[in-house]
Amino acid sequence: MGKLLDKIRGLRRPSRSFCAAVVVAAGRSERMGKEKLLLPLAGQAVLARTLLAVEQAERIDEIILVTREDLMLPFAELCKQIGLKKPVKIIKGGDVRTKSVLAGALETDPRTELIAVHDAARPLITPELIDAVVESAELTGASAPAIPVTDTVKVADESGIVRSTPDRTTLFAVQTPQVFRAEILRAALQSAVTCGANVTDDCAAVERLGKQVQLVTGDSENIKITRPVDLAVAEAILKEREERA
(Lines give C-alpha, C1' and ligand atoms only; values in the text may rest on other atoms or scores of the structure.)
Protein backbone atom coordinates (compact mmCIF):
# COMPACT_ATOMS: atom_id res chain seq x y z
CA MET A 1 0.00 0.00 0.00
CA GLY A 2 2.83 2.39 0.90
CA LYS A 3 4.51 1.86 -2.47
CA LEU A 4 1.23 2.50 -4.29
CA LEU A 5 0.74 5.78 -2.42
CA ASP A 6 4.28 6.83 -3.29
CA LYS A 7 3.55 6.21 -6.98
CA ILE A 8 0.34 8.25 -6.79
CA ARG A 9 2.18 11.12 -5.09
CA GLY A 10 4.82 10.96 -7.81
CA LEU A 11 2.20 11.27 -10.53
CA ARG A 12 0.72 14.32 -8.85
CA ARG A 13 4.10 16.00 -8.46
CA PRO A 14 4.34 19.05 -10.76
CA SER A 15 6.68 18.66 -13.72
CA ARG A 16 10.10 20.21 -13.32
CA SER A 17 12.30 21.96 -15.83
CA PHE A 18 14.85 19.97 -17.82
CA CYS A 19 18.27 21.15 -16.64
CA ALA A 20 21.56 20.70 -18.48
CA ALA A 21 24.89 21.13 -16.71
CA VAL A 22 27.63 22.83 -18.71
CA VAL A 23 30.91 21.87 -17.05
CA VAL A 24 33.68 24.23 -18.14
CA ALA A 25 37.07 22.53 -18.50
CA ALA A 26 38.78 24.49 -21.26
CA GLY A 27 41.40 26.40 -19.24
CA ARG A 28 45.17 26.08 -19.51
CA SER A 29 45.99 25.40 -15.83
CA GLU A 30 48.84 27.93 -16.11
CA ARG A 31 49.06 28.64 -12.38
CA MET A 32 49.20 24.92 -11.59
CA GLY A 33 51.94 24.22 -14.14
CA LYS A 34 50.26 20.99 -15.33
CA GLU A 35 46.79 19.82 -16.31
CA LYS A 36 45.08 20.14 -12.94
CA LEU A 37 41.86 18.35 -13.87
CA LEU A 38 43.72 15.07 -14.35
CA LEU A 39 45.70 15.36 -11.11
CA PRO A 40 44.78 12.87 -8.35
CA LEU A 41 42.67 14.09 -5.45
CA ALA A 42 42.25 11.50 -2.71
CA GLY A 43 42.48 8.66 -5.22
CA GLN A 44 40.40 10.16 -8.02
CA ALA A 45 41.12 12.73 -10.70
CA VAL A 46 39.89 16.24 -9.94
CA LEU A 47 37.56 16.14 -12.96
CA ALA A 48 36.19 12.74 -11.97
CA ARG A 49 35.10 14.08 -8.59
CA THR A 50 33.44 17.07 -10.22
CA LEU A 51 31.54 14.99 -12.78
CA LEU A 52 30.40 12.43 -10.21
CA ALA A 53 28.96 15.18 -8.01
CA VAL A 54 27.10 16.65 -10.99
CA GLU A 55 25.90 13.16 -11.95
CA GLN A 56 24.47 12.60 -8.46
CA ALA A 57 22.48 15.84 -8.42
CA GLU A 58 18.80 14.96 -8.85
CA ARG A 59 18.00 18.13 -10.79
CA ILE A 60 20.64 17.61 -13.50
CA ASP A 61 19.43 15.75 -16.61
CA GLU A 62 22.46 15.89 -18.91
CA ILE A 63 26.10 16.97 -18.84
CA ILE A 64 27.92 19.02 -21.47
CA LEU A 65 31.67 18.93 -20.88
CA VAL A 66 33.44 21.80 -22.65
CA THR A 67 37.19 21.44 -23.05
CA ARG A 68 40.24 21.94 -25.27
CA GLU A 69 40.62 19.82 -28.37
CA ASP A 70 43.73 18.08 -26.99
CA LEU A 71 41.82 16.98 -23.89
CA MET A 72 38.69 15.63 -25.54
CA LEU A 73 40.03 12.09 -25.88
CA PRO A 74 41.49 11.72 -22.35
CA PHE A 75 38.37 13.28 -20.85
CA ALA A 76 36.16 10.90 -22.85
CA GLU A 77 38.18 7.98 -21.49
CA LEU A 78 37.82 9.32 -17.95
CA CYS A 79 34.03 9.60 -18.34
CA LYS A 80 33.96 6.00 -19.50
CA GLN A 81 36.07 4.83 -16.57
CA ILE A 82 33.89 6.42 -13.90
CA GLY A 83 30.71 5.05 -15.48
CA LEU A 84 28.52 8.13 -15.80
CA LYS A 85 24.90 7.13 -16.41
CA LYS A 86 23.41 10.47 -17.44
CA PRO A 87 23.84 11.63 -21.06
CA VAL A 88 27.26 13.23 -21.54
CA LYS A 89 28.48 15.24 -24.50
CA ILE A 90 32.09 16.43 -24.83
CA ILE A 91 32.64 19.45 -27.06
CA LYS A 92 35.44 21.83 -27.98
CA GLY A 93 35.44 25.19 -26.21
CA GLY A 94 36.53 28.64 -27.33
CA ASP A 95 39.61 30.75 -26.73
CA VAL A 96 37.97 32.52 -23.77
CA ARG A 97 35.62 31.28 -21.08
CA THR A 98 32.56 33.16 -22.33
CA LYS A 99 32.85 31.50 -25.75
CA SER A 100 33.30 28.09 -24.11
CA VAL A 101 30.16 28.46 -22.01
CA LEU A 102 28.20 29.71 -25.02
CA ALA A 103 29.37 26.71 -27.05
CA GLY A 104 28.12 24.41 -24.30
CA ALA A 105 24.83 26.27 -23.92
CA LEU A 106 24.15 25.88 -27.64
CA GLU A 107 24.76 22.11 -27.50
CA THR A 108 22.19 21.31 -24.83
CA ASP A 109 19.20 19.08 -25.38
CA PRO A 110 16.27 20.83 -27.15
CA ARG A 111 14.16 20.24 -24.01
CA THR A 112 16.53 22.32 -21.88
CA GLU A 113 14.88 25.09 -19.88
CA LEU A 114 17.60 25.63 -17.27
CA ILE A 115 21.38 25.60 -17.69
CA ALA A 116 23.73 25.11 -14.75
CA VAL A 117 27.27 26.33 -15.47
CA HIS A 118 29.92 24.78 -13.23
CA ASP A 119 33.70 25.09 -13.06
CA ALA A 120 35.32 21.70 -13.59
CA ALA A 121 37.97 22.78 -11.08
CA ARG A 122 35.44 22.81 -8.21
CA PRO A 123 35.45 19.09 -7.33
CA LEU A 124 34.10 19.48 -3.79
CA ILE A 125 30.68 20.72 -4.90
CA THR A 126 27.90 18.68 -3.33
CA PRO A 127 24.87 17.33 -5.21
CA GLU A 128 22.68 18.98 -2.58
CA LEU A 129 24.05 22.45 -3.33
CA ILE A 130 23.65 21.91 -7.06
CA ASP A 131 20.01 20.95 -6.55
CA ALA A 132 19.39 23.95 -4.28
CA VAL A 133 20.70 26.42 -6.86
CA VAL A 134 18.72 24.78 -9.67
CA GLU A 135 15.53 24.97 -7.61
CA SER A 136 16.17 28.64 -6.86
CA ALA A 137 16.76 29.41 -10.54
CA GLU A 138 13.53 27.67 -11.47
CA LEU A 139 11.74 30.34 -9.43
CA THR A 140 13.95 33.36 -10.14
CA GLY A 141 15.42 32.74 -13.60
CA ALA A 142 19.00 33.30 -12.41
CA SER A 143 20.67 32.07 -9.22
CA ALA A 144 24.17 31.44 -7.91
CA PRO A 145 25.73 30.21 -4.66
CA ALA A 146 27.80 32.70 -2.68
CA ILE A 147 29.48 33.08 0.70
CA PRO A 148 30.07 36.32 2.65
CA VAL A 149 33.49 37.93 2.23
CA THR A 150 35.38 37.77 5.53
CA ASP A 151 38.43 39.87 4.58
CA THR A 152 38.39 43.64 4.37
CA VAL A 153 38.44 44.67 0.71
CA LYS A 154 40.09 47.84 -0.59
CA VAL A 155 39.49 49.66 -3.87
CA ALA A 156 42.76 51.11 -5.16
CA ASP A 157 43.87 53.07 -8.21
CA GLU A 158 46.59 52.06 -10.67
CA SER A 159 49.33 53.38 -8.41
CA GLY A 160 48.12 51.29 -5.48
CA ILE A 161 46.58 54.16 -3.52
CA VAL A 162 43.45 53.12 -1.59
CA ARG A 163 40.43 55.06 -2.77
CA SER A 164 37.64 53.38 -0.78
CA THR A 165 36.77 50.55 1.58
CA PRO A 166 33.46 48.88 0.67
CA ASP A 167 31.12 47.77 3.42
CA ARG A 168 32.08 44.12 3.94
CA THR A 169 28.52 43.15 4.84
CA THR A 170 27.45 43.79 1.25
CA LEU A 171 30.22 41.71 -0.36
CA PHE A 172 29.93 38.07 -1.37
CA ALA A 173 32.28 35.62 -3.08
CA VAL A 174 30.30 33.94 -5.83
CA GLN A 175 30.78 30.25 -6.64
CA THR A 176 29.42 27.82 -9.19
CA PRO A 177 27.15 26.28 -10.36
CA GLN A 178 25.45 29.40 -11.64
CA VAL A 179 22.03 28.49 -13.01
CA PHE A 180 19.90 30.41 -15.50
CA ARG A 181 16.90 30.14 -17.74
CA ALA A 182 18.39 28.82 -20.96
CA GLU A 183 17.18 31.65 -23.18
CA ILE A 184 18.50 34.29 -20.76
CA LEU A 185 21.96 32.74 -20.55
CA ARG A 186 22.33 32.21 -24.30
CA ALA A 187 21.29 35.80 -25.06
CA ALA A 188 23.60 37.20 -22.37
CA LEU A 189 26.63 35.21 -23.52
CA GLN A 190 26.03 36.01 -27.19
CA SER A 191 25.77 39.71 -26.35
CA ALA A 192 28.99 39.59 -24.30
CA VAL A 193 30.88 37.80 -27.09
CA THR A 194 29.56 40.15 -29.80
CA CYS A 195 30.46 43.26 -27.80
CA GLY A 196 33.79 41.88 -26.59
CA ALA A 197 32.69 42.51 -23.01
CA ASN A 198 35.12 41.46 -20.30
CA VAL A 199 32.94 39.42 -17.93
CA THR A 200 34.49 37.29 -15.21
CA ASP A 201 31.53 34.98 -14.69
CA ASP A 202 28.18 34.12 -16.21
CA CYS A 203 26.26 36.20 -13.67
CA ALA A 204 28.09 39.29 -14.95
CA ALA A 205 27.00 38.47 -18.51
CA VAL A 206 23.37 38.20 -17.39
CA GLU A 207 23.63 41.37 -15.31
CA ARG A 208 24.75 43.26 -18.46
CA LEU A 209 21.26 42.68 -19.85
CA GLY A 210 19.67 44.16 -16.75
CA LYS A 211 18.61 40.82 -15.29
CA GLN A 212 18.68 40.21 -11.54
CA VAL A 213 20.60 37.30 -10.05
CA GLN A 214 19.45 35.70 -6.80
CA LEU A 215 22.22 34.58 -4.46
CA VAL A 216 21.73 31.46 -2.36
CA THR A 217 23.85 30.23 0.52
CA GLY A 218 27.03 28.67 -0.85
CA ASP A 219 29.53 26.34 0.76
CA SER A 220 32.95 27.37 2.08
CA GLU A 221 34.22 23.92 1.09
CA ASN A 222 33.28 24.48 -2.56
CA ILE A 223 36.78 25.71 -3.38
CA LYS A 224 38.34 26.10 -6.81
CA ILE A 225 41.53 24.18 -7.55
CA THR A 226 43.96 26.72 -8.98
CA ARG A 227 47.35 26.27 -7.30
CA PRO A 228 49.15 23.24 -5.77
CA VAL A 229 48.20 24.36 -2.26
CA ASP A 230 44.51 24.07 -3.20
CA LEU A 231 44.95 20.32 -3.72
CA ALA A 232 46.30 19.97 -0.18
CA VAL A 233 43.36 21.95 1.19
CA ALA A 234 40.90 19.84 -0.81
CA GLU A 235 42.50 16.63 0.49
CA ALA A 236 42.08 17.89 4.05
CA ILE A 237 38.41 18.76 3.43
CA LEU A 238 37.70 15.32 1.99
CA LYS A 239 39.38 13.67 4.96
CA GLU A 240 37.27 15.72 7.35
CA ARG A 241 34.12 14.80 5.41
CA GLU A 242 34.97 11.12 5.83
CA GLU A 243 35.42 11.60 9.57
CA ARG A 244 32.07 13.41 9.83
CA ALA A 245 30.23 10.72 7.90
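If you sort Glu221, Glu58 by accessible surface, 1.4 Å probe, largest first, the order is Glu58, Glu221.
Put the Cα centre of the stretch 77-118 next to the Cα centre of the stretch 170-245 and the gap is 16 Å. With every protein chain in place and a 1.4 angstrom probe, the accessible-area ranking of Arg97, Arg244, largest first, reads Arg244, Arg97. Taking every DSSP helix (H) stretch of at least 4 residues in the chain, weighting each as -39,500 (n - 2.57) and dividing the sum by the residue count yields a mean residue ellipticity at 222 nm of -12000 deg cm²/dmol. Taking all Cα pairs closer than 8 Å and separated by 6 or more residues, the relative contact order of the chain comes to 22 percent. Measuring only protein heavy atoms, the 1.4 Å probe finds Arg59 accessible over about 20 Å². Counting every Cα pair in the stretch 184-225, what percent are over 13 Å apart? When every Cα pair of the stretch 184-225 is considered, 57 percent fall beyond 13 Å. Ordered from longest to shortest, the equivalent ellipsoid semi-axes for the stretch 17-64 are 24, 14, 5 Å, each the square root of 5 times a Cα gyration tensor eigenvalue. Rolled with a 1.4 Å probe across the full set of protein chains, the surface gives Leu37 an accessible area near 10 Å². Across the stretch 106-208, the volume of the C-alpha convex hull divided among the residues equals 149 Å³ per residue.
Stokes-Einstein diffusion coefficient for the chain at 10 °C in a medium of 1.306 mPa s, Rh from the Kirkwood formula over Cα pairs: what value in µm²/s? List each step's numbers first, then the result.
On the way: Rh = 19.1 Å.
Translational diffusion coefficient: 83 µm²/s.
Given a 1.4 Å probe and heavy atoms of the protein chains only, how would you sort Met32, Met72, largest accessible area at the top? The partial results should precede the final answer.
Details: Met32 20, Met72 55 Å².
The ordering from most to least exposed comes out as Met72, Met32.
Per-residue surface analysis assigns Ser15 an accessible area of about 110 Å², computed on protein heavy atoms at 1.4 Å probe radius. If you take all other residues with their beta carbon under 15 Å from the beta carbon of Leu215, and give Lys and Arg +1 and Asp and Glu -1, the sum is -4.
With q set to 0.10, 0.14, 0.19, 0.21 Å⁻¹, the log10 of I(q)/I(0) for the stretch 1-146, from the Debye formula over equal scatterers at the Cα positions, is -0.37, -0.68, -1.16, -1.37. Taking the 1.4 Å solvent-accessible surface of the chain as the whole, the part contributed by carbon and sulfur is 52%.
The values are calculated or read from the model by the stated rules, or taken from the named source; none is laboratory data. Since the structure is predicted, the reported quantities are computational estimates derived from the model, not experimental observations. Every residue, glycine among them, receives a Cβ derived from its backbone with ideal geometry; neighbour counts consider all protein chains shown. Ligands, DNA and RNA are excluded from the accessible area calculation, which covers all protein heavy atoms including side chains. Shrake-Rupley method; radii C 1.70, N 1.55, O 1.52, S 1.80 Å.
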